[in-house]
Each structure stands twice: as C-alpha cells, then as structure tokens.
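The values are calculated or read from the model by the stated rules, or taken from the named source; none is laboratory data. Quick caveat, the model's predicted, so the values are computed rather than measured. For neighbour counting, all protein chains shown are included, and Cβ atoms are generated from backbone atoms with ideal geometry for every residue, glycine included.
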C-alpha cells in the first residue's frame with residue numbers, strides 16, 4: 001500500500017534550506033544612527049552648563065507636583081466638557097430639525113475656526129465686557145447676579161476654553177462613529193418600538209464606541225499637552241509652575257527638562273491606557 | 001373575520017421613481033399572506049410601510065382601523081410624533097433579511113431589550129419568557145452567545161424570538177431566508193411554520209420560497225412594478241395564474 005498520510009510535515013527531500021537574504025544597508029544605517037545618538041546624548045548629558053543637579057532638585061518638588069496635578073485635573077475636566085459637548089453636537093448635527101443641525105454646524109465652525117489661545121484669552125477677559133452675570137427675565141428684573149470675575153476664575157476660563165474648543169472636534173468624531181453603525185440597527189430598534197432617543201442610547205452609541213474611542217484617546221493625549229497653553233492666563237499648571245521657578249533661578253533648560261519628563265510620563269501612561277481600552281472595545 | 005391591515009391606494013415615490021403605485025389589499029386576523037414578485041417590484045417597500053419605516057405619499061394604510069404613522073381628524077391628516085409611532089410599532093413585529101441583531105448584546109439580551117425598555121415589564125419575567133422563546137426556536141443553549149458566534153440561520157431564529165418577545169399581533173417577514181446558505185433555510189422556515197400552526201399568528205411574508213408559500217399561506221399576492229397584479233389562494237395564483245406577468249415570473253422561479 002502506498003502511504004497517503006503525511007502527518008510528519010513536508011517531505012524532507014524537498015525542504016527548502018535557503019541562505020537568508022543579507023541586509024547590509026540596515027547594519028550601516030543602524031551604525032550611523034547609533035553614532036549620532038551617542039554623540040547628541042553625550043553633548044546634552046555631559047554638557048557642563050546643563051545643571052543636572054537642578055533637574056534632580058525640582059523633579060519632585062511640591063510646586064512642580066502641584067502643577068502636574070493641575071495639568072491632569074484640567075485635562076480631565078476639559079475632556080469631560082469636550083466629550084459631553086461632542087455627543088450633544090453630533091446628535092444635534094444629525095437631527096431632522098434643520099435649525100438644530102445648523103446651530104451645531106455654526107458652533108463647530110466658530111470653535112474650530114478661532115485659535116484656541118484666542119479663545120482662552122477671550123474667556124479670561126470676558127468680565128471686561130460682561131462685568132456681571134445674572135439670572136432673570138431679559139430686559140426685565142434680575143433675580144440673582146454675580147460678578148463675572150467670581151464665576152469665571154482662571155480655572156473655569158481654562159476649562160471652558162479647552163472644553164468648548166474640544167467639543168467641536170469631539171462632535172465630528174462622535175458623528176463619524178454614529179454614521180459608522182449599520183442603518184439596519186436603527187430600523188430593527190424602531191421596529192421593536194424603541195423611540196429615537198432610546199435607539200441612540202442603547203443601540204447606536206454603544207456600537208459607535210468602537211469608532212469613537214481610538215481618536216478620543218488621541219484627543220486626550222493631545223489635550224494633556226494643550227493644557228500648557230493656559231500659561232497665557234496664568235493658571236498654575238505644570239508649565240506655568242516651571243516658568244515661575246526658572247524666572248527666579250534662570251535655569252530654563254533644566255526646568256524645561258523637568259517639564260518634558262512629566263509630560264512624557266503622563267502621555268506614556270495614557271498611551272498604555274488607550275491601548276488597553278481599544279483592545280477591549282475592538283471585540 | 002376582523003381586518004388587521006387595510007391598504008387603500010398606497011403610493012410611495014423615491015425622488016422621481018414611483019415604487020408603489022396604488023396598493024389595495026387587506027389582511028384578516030389569523031391570515032398568512034405571502035407577497036411574491038421580481039426584485040424591484042416594491043414588495044419589500046410595501047412591507048416597510050406597514051410599520052412606518054417608510055412613509056407613504058398617498059393613499060391610506062390602516063392597522064386595526066387606525067392610520068399608520070398619521071392621525072386623521074376632521075378630514076385632515078396629521079403626522080404622529082415619534083413616541084406615538086413607536087407605540088404603534090409595539091404591536092407589529094418585523095424580521096429582516098439581514099437579521100439586524102444587536103451585535104453588542106447576547107442572544108438573550110437581544111430578546112430582552114425591547115420588553116424591558118418599551119413595555120417596562122419586570123426583568124425577571126422577561127428573562128423567563130426570553131429563555132422560553134429561545135427554547136422554542138431551538139437555541140436554548142445559545143442564550144449567552146453573541147450574534148457573531150451564531151450561524152445565519154441561528155441569528156435569524158434569534159431575530160424571530162426577539163420580535164415575538166413583544167407579543168405582537170402581526171409579524172412582518174422581509175425575505176427572511178434570502179441571506180442564508182441553502183442548508184440553513186429549512187430551520188428558519190420550520191420556526192415560521194410552527195408560528196402559523198401553533199399560534200395562528202397573522203403574518204405578511206415577502207419571500208422567494210414558493211414551496212413554503214404554497215404550503216403555509218392563505219393568500220398569495222403577486223406584485224410587479226409597484227402594483228398588485230393578482231392575488232388569491234396559493235393554488236390559484238401559483239397553479240393557474242391568470243396574468244401573463246405572473247406566468248412569466250413563475251416560469252423563472254418554479
């Protein structure tokens with residue numbers, strides 16, 4: 001009988017034992033890059049004017065850590081405003097009501113069109129044109145009234161500026177997510193008697209998450225770094241604290257190295273978190 | 001017999017294309033109606049009009065003597081708000097060609113969602129009923145499977161159970177076996193046959209399964225080019241078609 005069963009893998013006589021293709025270019029390239037890296041690193045690390053002692057001194061100093069805390073707080077608050085606002089904007093944009101849809105389009109046009117730094121300054125200086133904010137009947141009596149400077153503190157100005165700007169971008173991201181869900185899902189939900197709002201909340205948004213989460217992760221990482229812009233309105237976040245210190249001791253590069261360190265630590269943690277969440281939602 | 005669905009001159013147009021050009025038909029309670037016809041004849045569109053997934057442009061379409069999607073008061077027709085339309089759909093179950101199960105939920109959750117969210121029924125009771133329905137469609141062991149872990153035939157059976165969980169008075173089937181591999185068609189037809197035999201469910205079925213239509217249905221409606229060409233008992237329409245268009249269609253599919 002001839003054997004037709006070959007459980008032991010391919011026939012040994014025809015097995016290919018090729019000599020692997022060599023890649024000399026890679027080795028040369030690696031060598032050149034390695035040399036350059038060592039050269040630059042040595043120039044930075046061993047630079048006598050680079051005060052590593054100062055870096056070590058301030059790396060864990062209370063002022064820097066408090067600044068880092070404020071940076072993280074700003075990131076979280078701004079993203080909460082951004083995501084919530086983005087969902088509202090996306091839903092309004094896709095509303096059958098033309099007025100709501102146009103309103104959302106107008107918002108996105110304004111808040112994506114004006115530079116963030118300008119928006120931050122705008123919120124900060126709001127009290128100059130609107131000294132008080134009150135609740136009441138327009139052109140009629142006012143029930144409660146606040147000093148604008150009391151409500152729009154530096155921190156609220158920063159959260160409003162960052163969050164409302166972010167909402168415009170998140171709106172487009174959420175809309176892309178919602179459009180990615182098969183229209184058959186909406187039909188099936190409607191056919192079961194779910195209202196438009198129930199369908200959105202229980203059927204469409206959970207499925208849209210797969211498309212919404214990865215770019216949102218990017219937005220969080222980006223937001224963490226963008227918070228440094230609020231140094232312009234003197235919110236005591238990481239960069240502002242760092243600037244405060246080097247304006248006294250003139251160790252700019254050393255202190256900026258401290259800032260780089262903490263920004264990199266935070267983005268690395270966020271990247272890991274994003275990777276984990278993406279894996280969870282891609283199922 | 002009580003009339004469940006009454007269509008009078010139902011008219012639907014997409015842009016410049018007239019998809020339905022005046023459909024008249026009635027479905028009595030307990031009746032099983034098959035709608036057959038070539039693709040593009042408007043049969044699926046008509047089915048979708050019955051639960052207002054499509055809005056009609058002219059004519060009248062009644063479910064239990066109430067207009068579908070509209071309200072008529074003193075000779076004027078008013079659009080119904082979203083909530084009222086949703087409430088009308090509660091009594092009409094629909095099964096789609098592409099199943100449209102919710103992929104982020106298990107089979108059991110797919111069945112339980114609408115009774116809990118729409119009818120606000122107690123969860124424990126709904127769970128019990130969902131398990132019973134899964135058993136009925138032969139998928140008792142698949143309660144915790146997600147749609148992508150099920151075959152097409154299994155998904156369609158879950159979709160039927162999902163519609164039945166709302167205890168509808170009317171079931172609409174939009175080519176329920178057209179997206180299935182041939183060997184899986186039978187298991188879905190078995191479930192539908194059981195619905196007719198055991199529950200006496202009123203059903204409108206858009207289908208290409210002529211053998212099934214002949215066996216199960218009381219009435220067959222042949223549609224072509226947006227109109228009902230002929231209708232009657234299966235023996236008459238399939239056996240001795242009176243119209244040339246019906247004969248031409250049947251010669252291609254039988």
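Where strands (runs of 3 or more DSSP E) sit wholly within region B:1-99, those with at least 1 residues that are over 22 Å from residue B:176 (Cβ atoms) and in contact (Cβ under 8 Å) with a residue 60 or more places away in the chain occupy B:3-14, B:17-28. Residue B:179 meets the conditions (1) crowded, with 21+ Cβ neighbours inside 10 Å; (2) under 20 Å from residue B:97 (Cβ atoms); (3) within 14 Å of another protein chain (Cβ to nearest Cβ) in every case but one. The failed one is (1). Anything in region B:38-56 that is crowded, with 20+ Cβ neighbours inside 10 Å, in contact with a helix residue (DSSP H, G or I) (Cβ under 8 Å, 6 or more places away or on another chain) and more than 12 Å from chain A (Cβ to nearest Cβ)? List them, or say none. Answer for region B:38-56, where residues must be crowded, with 20+ Cβ neighbours inside 10 Å, in contact with a helix residue (DSSP H, G or I) (Cβ under 8 Å, 6 or more places away or on another chain) and more than 12 Å from chain A (Cβ to nearest Cβ): just B:56. Quick check on residue B:79: is it in contact with a strand residue (DSSP E or B) (Cβ under 8 Å, 6 or more places away or on another chain), within 13 Å of chain A (Cβ to nearest Cβ) and surrounded by fewer than 16 Cβ atoms within 10 Å (Cβ to Cβ)? Judged against the criteria, residue B:79 is a match.
The helices (runs of 4 or more DSSP H) falling completely within region A:118-182 that include 2 or more residues that are within 21 Å of the chain's Cα centre (by Cα) and under 30 Å from residue A:199 (Cβ atoms) map to A:154-179. Determine whether residue B:88 is within 13 Å of chain A (Cβ to nearest Cβ), under 16 Å from residue B:167 (Cβ atoms) and touching a strand residue (DSSP E or B) at 6+ places or on another chain (Cβ under 8 Å). Judged against the criteria, residue B:88 is a match.
Select, from A:242, A:203, the only residue that is buried (at least 22 other Cβ atoms within 10 Å of the Cβ) and within 14 Å of chain B (Cβ to nearest Cβ). Just one listed residue meets the conditions, A:203. Scanning region A:246-261 for residues that are in a helix (DSSP H, G or I) and either surrounded by 21 or more Cβ atoms within 10 Å (Cβ to Cβ) or modelled with pLDDT under 90 (or both) yields A:249, A:252, A:253, A:254, A:255, A:258, A:259. Checked against (1) farther than 21 Å from residue A:148 by Cβ; (2) surrounded by fewer than 14 Cβ atoms within 10 Å (Cβ to Cβ); (3) free of Cβ contacts under 8 Å to residues at least 60 places away in the same chain, residue A:101 meets all criteria but (2). Scanning region B:105-120 for residues that are over 22 Å from the mean Cα position of the chain (by Cα) and either more than 12 Å from every other protein chain (Cβ to nearest Cβ) or touching a residue at least 24 places away in the same chain (Cβ under 8 Å) (or both) yields B:105, B:106.
Taken over region B:218-239, the residue count meeting the criterion of being surrounded by 21 or more Cβ atoms within 10 Å (Cβ to Cβ) and not in a strand (DSSP E or B) is 3.
Taking residues in region A:182-194 that are within 8 Å of another protein chain (Cβ to nearest Cβ) and at positive phi, and partners anywhere that are buried (at least 22 other Cβ atoms within 10 Å of the Cβ) and in a loop (DSSP other than H, G, I, E, B), not one pair has Cβ atoms closer than 8 Å while being at least 6 places apart or on different chains.
Answer with yes or no whether residue B:215 is more than 15 Å from the chain's Cα centre (by Cα) and not in a helix (DSSP H, G or I). Criteria not met by residue B:215.
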